[in-house]
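Asker: To start, I am sharing the structure in question, which I have written as structure tokens.
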Amino acid sequence: MQAPETAGTQILIVDDDPSVIASVSLLLEQHGFVPRGAAGPAEALEKISDPACRLVLQDMNFSRATSGEEGLELLAEIHRRRPRLPVILLTAWGSIDLAVRGIKQGAADFATKPWGNAQLLQSINTVLSLAENRQAATDAPLLQREELDEQYDFGPLLGEDPNLLRVLDLVGRVSATDASVLITGESGTGKELIATAIHRNSPRHGQPFVKVNLGGISSTLFESEMFGHVRGAFTDAKSARPGRFEIADSGTIFLDEIGEVEPSAQVKLLRVLQDRTYEVLGSSTTRRVDLRVVSATNRDLGEMVVAGTFREDLLYRLNLISIELPPLRRRPGDIPLLAGAFLGECAESYGRDDLELTESALEWLTVQRWPGNVRQLRQVIERAVLVSRAQRLDVAELAQLAQLDPTELAADDLPAAGSVTLEELERKMIEKCLLRYQGNISRVARALGLSRAALYRRCEKYALRIDRG
């Protein structure tokens, strides 16, 4: 793996055990770093005053009497004196809860004792790279899409809206590191495309990119699917089978729907993400794996942690970097671009090269909420290509086809079944659109997929007062 420039990079090791300082110092020297040691908090605070110090490796305990509070106090004081100086915590496996407290208070990462040299070096290189990227992002203006495309390959990711450009800029910057990335966003926003772009622009781009839909793996099959099994490990194991982690070795593993992992499997996942070690089902031999972890979810993992359904330590291991994808309704300027691209792709696939979208159709598409996001927009365009016989696709065709898949609607966009009649729902929607578009009948009609005459008839039916001027 390509590492950041290390020559002359000073790293402070804070530990009351001289053997730990000696061991880590030797490792760092072998890889071009300049290690310095500190036996306790007072000496550490003195040495971080040197601006050449770029990173701190800090133990959490400095005496037999401490419970880690001394380490947390030192972390807080380091951040008070040098807010941008990254700190990696060193802690025993049984004290990961303490490390999680440290992450909440600003630590960049944590490593467990005894550490693996490769894993510790990967964490150091990643944290240093991220620190450089954050500084560069702070100093540089937001790049335009053409400038981003000159530096990175985003594949089929389309869009020029500033909300998307900020995401793409971050994707490009973190791709060069080995940082674990958690991608969040509503269903259909393109989380898998972002994960693919991270791998494509990383030093691991020539190695495997393994996608795993965790929502489709039951707890009983989790170990076999993820870690593999040997022949005879269970009744139907007639031959050995490699797991997803083994297949992804040296590359990137994409853990989609990470919020669907059952609690019994979360601790098994945490261990391999923490130590990069695992055991094949039916074998007692420990194997090591070198990979980058990217995960995604449309669920709120923070709320799941509070509810006790998702491990907090696993969350902090997954989201060294968090990328939140904006829903399509927050980047409306991209809708005409996306619609045109989808129309071109579908028209070519189905031999309808003569198709085009009217201006009214593009405006109607732009004002929709798209609860199913980019995926739903593409489906509507594809249906129109398949079903419509018209050469110019207008609002009427699109509005009718957009209603064919009510499952795309968000759960809270509609009242509970049986709680309201269709007429009541129609009236409320018309009222909502009249309010949103300030009584502009033309825009309200386009948003609802109706003609002006049809809208007037419905307003008369529900006794809704409108300005006919």
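Asker: Take every Cα pair under 8 Å in segment 46-180 that's 6+ residues apart, average their separations, divide by the length, and report that relative contact order as a whole percent.
Answerer: Worked out over segment 46-180, it gives 19 percent.
Asker: For ALA76 and THR286, what is the calculated FRET efficiency with R₀ set at 35 Å and r taken between the beta-carbons, to the nearest 0.05?
Answerer: Numbers: r = 36 Å, r/R0 = 1.04.
The formula returns an efficiency of 0.45 here.
Asker: Sort 211-219, 244-252 for me by packing, meaning the mean count of neighbouring Cβ atoms within 10 Å per residue, highest on top. Walk me through the intermediate numbers first.
Answerer: Details: 211-219: 15.0, 244-252: 19.4.
So the peptides 211-219, 244-252, ranked by packing, come out 244-252, 211-219.
Asker: Note down the relative contact order for segment 157-247 as a percent, whole number, built from C-alpha pairs under 8 angstrom at least six residues apart. Mind showing how you got there, number by number?
Answerer: Values: 63 pairs, mean separation 17.3, N = 91.
Computed value for segment 157-247: 19 percent relative contact order.
Asker: Report, for the chain, the % of DSSP beta bridges that are antiparallel, rounded to 5.
Answerer: Working: 5 of 44 bridges.
For the chain, the DSSP antiparallel bridge percentage is about 10.
Asker: For the chain, take N as its residue count and report Rg(C-alpha) divided by 2.2 N^0.38 Å.
Answerer: Details: Rg = 27.2 Å, N = 469, 2.2 N^0.38 = 22.8 Å.
The reported ratio for this selection is 1.19.
Asker: Contact order normalised by length for segment 329-408, with contacts defined as Cα pairs under 8 Å and 6 or more residues apart; what percent is it?
Answerer: After rounding, I find 37 percent.
Asker: May I ask you to compute the full-extension gain from GLU147 to ALA307, defined as 0.36 nm times their residue separation minus their alpha-carbon distance, rounded to one decimal in nm?
Answerer: Details: separation 160, 0.36 × 160 = 57.60 nm, distance 4.30 nm.
Value of the extension gain: 53.3 nm.
Asker: Once you charge only the Cβ atoms, +1 for Lys and Arg and -1 for Asp and Glu, what is the size of the charge dipole of the chain about its Cα centre, to the nearest 20 debye? It would help to have the intermediate numbers written out before the result.
Answerer: Working: 54 positive and 66 negative charges, 175 e Å.
Approximately 840 debye in magnitude.
Asker: Which whole-number value in Å³ per residue fits the convex hull of the alpha carbons of segment 329-408? Numbers along the way, then the final one.
Answerer: On the way: hull volume 6.2 nm³, N = 80.
Given the Cα convex hull of segment 329-408, per-residue volume reads 78 Å³.
Asker: Among all the lysines, which ones have a C-alpha under 18 Å from LYS428's C-alpha, if same-chain residues fewer than 8 places away are not counted?
Answerer: LYS461
Asker: Could you order peptides 184-197, 323-336 by the average number of other Cβ atoms within 10 Å of their residues, highest first?
Answerer: Details: 184-197: 20.6, 323-336: 18.6.
Ranked by mean Cβ neighbours within 10 Å, highest first: 184-197, 323-336.
Asker: Could you give the length gained by full extension between TYR350 and ASP17, i.e. 0.36 nm per residue of separation minus their alpha carbon distance, to one decimal place? Spell out each step's value before the answer.
Answerer: On the way: separation 333, 0.36 × 333 = 119.88 nm, distance 6.95 nm.
Difference between extended and current length: 112.9 nm.
Asker: Run through all the Cα pairs of segment 152-326 and give the fraction in each 5 Å bin from 0, expressed as whole percent.
Answerer: For segment 152-326, the binned pair fractions read 1, 8, 17, 21, 19, 15, 10, 5, 2, 1, 0 percent.
Asker: Please work out the Cα center distance from segment 277-344 to segment 18-76, rounded to the nearest Å.
Answerer: Answer, in whole Å: 32.
Asker: Rounding to the nearest 20 debye, state how big the charge dipole of segment 329-408 is about its Cα centre with +1 on each Lys and Arg Cβ and -1 on each Asp and Glu Cβ. Intermediate results must be reported in sequence, preceding the final value.
Answerer: On the way: 10 positive and 13 negative charges, 76 e Å.
Magnitude of the dipole: close to 360 debye.
Asker: Restricting everything to alpha-carbon atoms, can you work out Rg to Rh for segment 10-138 with a Kirkwood hydrodynamic radius? All intermediate terms of the calculation are to be shown ahead of the outcome.
Answerer: Values: Rg = 13.4 Å, Rh = 14.5 Å.
Rounded to two decimals, Rg/Rh equals 0.92.
Asker: If you build the convex hull over the alpha carbons only and average its shadow over all orientations, what do you get for segment 271-360? Give it in nm² to one decimal.
Answerer: On the way: hull surface 45.6 nm².
Answer in nm², one decimal: 11.4.
Asker: Taking a cut-off of 26 Å between Cα atoms, list the lysines near LYS47, but don't count ones fewer than 8 places away on the same chain.
Answerer: Answer for LYS47, where 26 Å is the Cα cut-off: LYS104, LYS113, listed by chain and number.
Asker: Chymotrypsin sites (Phe, Trp or Tyr not before Pro), restricted to segment 143-238: which are DSSP loop and have at most 15 other Cβ atoms within 10 Å?
Answerer: Details: sites: TYR152, PHE154, PHE209, PHE222, PHE227, PHE234; in loops: TYR152, PHE154, PHE234.
Answer in residue order: PHE234.
Asker: List the DSSP H helices in the chain whose Cα atoms stretch 20 Å or more along the helix axis and whose mean Kyte-Doolittle hydropathy is at least 1.0. All intermediate terms of the calculation are to be shown ahead of the outcome.
Answerer: Details: long enough: 117-139 (33 Å, -0.19); 335-349 (21 Å, 1.09); 373-387 (21 Å, 0.21); 422-436 (21 Å, -0.45).
Membrane-span-like by this criterion, though nothing is claimed about a membrane: 335-349.
Asker: Continuing with the same structure: What does the convex hull of the alpha-carbon atoms of segment 133-238 project to on average, in nm²?
Answerer: Numbers: hull surface 36.5 nm².
Its average projected convex-hull area is 9.1 nm².
Asker: Okay, moving on. Calculated from DSSP H runs of 4 or more alone, at -39500 (n - 2.57) each and per residue, what is the 222 nm mean residue ellipticity of the chain, nearest 500? Don't skip to the answer; put the middle values down first.
Answerer: On the way: 20 runs with 213 residues, N = 469.
Helices in the chain give a 222 nm mean residue ellipticity of -13500 deg cm²/dmol.
Asker: What does a probe at ILE466 reach in segment 432-449, counting residues whose amide N is under 12 Å from the point 7 Å along Cα→Cβ?
Answerer: So the set is 432-435, 437-449.
Asker: Would you work out which of THR285, LEU182, MET226 lies farthest towards the positive end of the dipole of segment 152-326? Charges go on Cβ: Lys and Arg +1, Asp and Glu -1.
Answerer: Among THR285, LEU182, MET226, the one farthest towards the positive end of the dipole of segment 152-326 is THR285.
We did not get these values from a lab; they are worked out from the coordinates using the rules stated. Keep in mind that what you see is a predicted model, and the values were worked out from it rather than measured. Reconstructed Cβ throughout: ideal geometry from the backbone, glycine too, with neighbour counts over all protein chains shown.
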